[in-house]
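Laboratory data are not the source of any read-out in this text; all were calculated from the coordinates shown. All values derive from a computational prediction rather than experimental measurement. Cβ sites come from the backbone with ideal geometry, for glycine too, and all protein chains shown count toward neighbours.
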Amino acid sequence: MPRVQLKTLTEQMYYVLLALKKERYGVEISQYIEKLTHGRIILGPGTLYAILSKFEAEKWIHEKKTEGRKRSYIMTDKGRIMLEKEYQHLLEMIEDTKKSEEDIDES
């Protein structure tokens, strides 16, 4: 079954939303994510702005300021709800993993 677009988030999408709990410019978003993940996730401008565009269309974020070509973004209440849902989903996956390991230990 194909994934419904934006029903669940990719790893990059999750981190972009996480970064936008605070107002940030595009380059600040990329730098924050790279630092937070110790370089595991590096977003190029094409990927970042494609994600930002999707999030704006879904009203999960909105543009806060424009200074020339620089634009800052921040998460909306709708975006906070999506981030929380995805966080809960990740916690459920972790719990399922723990349960599966217990099943192996009992065998």
- How much length is gained if the chain between residue 84 and residue 59 is pulled fully straight, taking 0.36 nm per residue apart and subtracting their Cα-Cα distance, in nm to one decimal? 7.5 nm
- Query: Just the Cα atoms of the range 11-106: what Rg and Dmax do they give in Å?
  - Reply: 16.0, 62
- Using a cut-off of 13 Å between alpha-carbon atoms, which aspartates and glutamates can reach residue 64, once sequence neighbours fewer than 8 places away in the same chain are excluded? 23, 56
- Task: Show the residues, 5+ positions off or on another chain, whose built amide H is closer than 5 Å to the amide H of residue 71.
- Result: 26
- Could you give the dipole magnitude of the range 1-90 about its Cα centre, charging the beta-carbon of Lys and Arg +1 and that of Asp and Glu -1, in debye to the nearest 20? 80
- Query: What's the longest bit of the chain with no exposed trypsin sites (Lys or Arg not before Pro), using DSSP loop states and at most 15 other Cβ atoms within 10 Å as the test?
  - Reply: 70-107
- Query: Once the Cα atoms of helix 26-36 and of the chain are each reduced to a long axis, what angle between those two axes, in degrees from 0 to 90 to the nearest 10, is obtained?
  - Reply: 30
- Message: Between residue 47 and residue 94, what is the label-point separation in nm under the 7 Å Cα-to-beta-carbon projection?
- Response: 2.3
- Rounded tilt (10° steps) of 77-106 against the dominant C-alpha axis of the chain: 20
